[in-house]
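In what follows, a single structure is set out as structure tokens and then discussed.
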């Protein structure tokens with residue numbers, strides 16, 4: 001350059017002066033050569049997300065600021081955008097943005113230094129959105145079926161979680177049919193697959209309950225289950241959902257929205273099913289009650305029959321007594337009608353030789369021999385002749 | 001996709017519920033003997049059926065393949 005030149009104005013010519021582009025290009029080369037990719041610590045300020053998905057913001061400390069850009073292809077991996085005022089570590093390449101003549105950091109990675117960082121921020125944001133729509137209301141939680149016959153399982157088809165669930169259901173409640181809806185459970189596409197699986201179970205007839213989940217993993221691995229979309233798919237499920245994501249300590253949005261949260265996939269399978277041994281015990285009790293109840297009923301009937309017989313016997317005795325009186329009266333009347341009694345009153349019976357009763361004058365021709373029966377014997381007699 | 005057919009009716013829960021109802025009615029001792037015995041027979045039959053279902057069952061695992069539903 002012409003710094004040592006005597007004539008300060010010699011370079012102030014079309015030939016000697018640099019163009020703006022030349023300076024910024026040269027500055028960019030110098031900056032990129034002199035400042036390798038590095039971590040910068042600072043406070044986020046003036047954050048803007050452009051239509052393109054790129055993020056623009058500045059990092060500041062008390063005395064300076066540095067313009068930053070984080071392109072969509074990089075920021076896609078982050079759960080949330082940083083908020084203004086947030087303390088962050090940014091890893092990036094310092095460069096010069098020639099169009100604006102600005103020193104700029106092209107950010108490749110961004111970490112919040114605050115508790116939980118961006119992950120926590122994203123979690124809280126989605127949770128607030130779900131709560132606003134009432135999806136976290138405990139009153140929404142549906143009871144689990146007592147004796148599930150069809151259980152859908154939304155999980156990775158080749159992971160321990162599924163093996164555990166199948167083993168528990170086989171042991172506890174083989175009455176059930178397991179319908180596995182395989183999905184990825186982490187990484188690109190997992191979110192969409194799980195949402196599609198929830199749509200698919202709506203078409204399974206007679207479904208009682210759904211288990212969704214996966215085994216333990218890093219915070220990033222479990223992140224799919226903190227997606228607001230997945231949480232909304234869980235909330236929209238037509239049957240109760242049991243969520244089992246990660247371990248006891250990892251509570252995801254999916255867990256919060258589900259009707260029941262199980263600590264592990266095995267626990268989810270146990271929550272979805274009764275224990276066959278217990279049900280058989282219960283059936284034995286039901287059988288015993290059935291027997292006792294019907295025996296009691298038969299006893300009762302027996303007692304009633306006895307009481308009825310007693311009553312019947314009572315009425316029979318009465319009846320016999322009444323009949324006896326009636327018989328006595330009748331026999332008295334019979335006695336009164338006896339012919340001997342009549343004869344005692346002075347009447348006599350006349351009979352011919354053939355023992356026929358003679359009742360009319362015509363039956364007594366003159367000279368007829370006949371017998372007269374009087375009260376104490378017979379008398380021979382003959383009709384007087386003409 | 002071809003959805004699996006609905007499970008054979010009645011469901012296990014329905015069968016169990018009917019059993020409980022039979023026991024309750026029998027225990028109330030309000031029925032005449034003939035009705036009681038009929039209910040008892042039904043109860044025994046249902047008990048046998050659910051027991052059989054429980055002891056004979058073997059868990060079935062089906063998989064809905066990926067192409068069975070839209071992604």
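The values are calculated or read from the model by the stated rules, or taken from the named source; none is laboratory data. Bear in mind that the values here come from a model prediction, so they are computed numbers and not experimental data. All Cβ positions, glycine included, derive from the backbone under ideal geometry; neighbour counts span all protein chains shown.
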ask   = Restricting attention to the range A:111-141, and to residues there that are modelled with pLDDT of 90 or more and not in a helix (DSSP H, G or I), which single residue is nearest to the other protein chains (Cβ to nearest Cβ)?
value = A:141
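For the structure I just gave you, tell me whether residue A:144 is closer than 15 Å to residue A:234 by Cβ, more than 13 Å from chain B (Cβ to nearest Cβ) and in contact (Cβ under 8 Å) with a residue 40 or more places away in the chain.
Working: closer than 15 Å to residue A:234 by Cβ: yes; more than 13 Å from chain B (Cβ to nearest Cβ): no; in contact (Cβ under 8 Å) with a residue 40 or more places away in the chain: yes.
Criteria not met by residue A:144.
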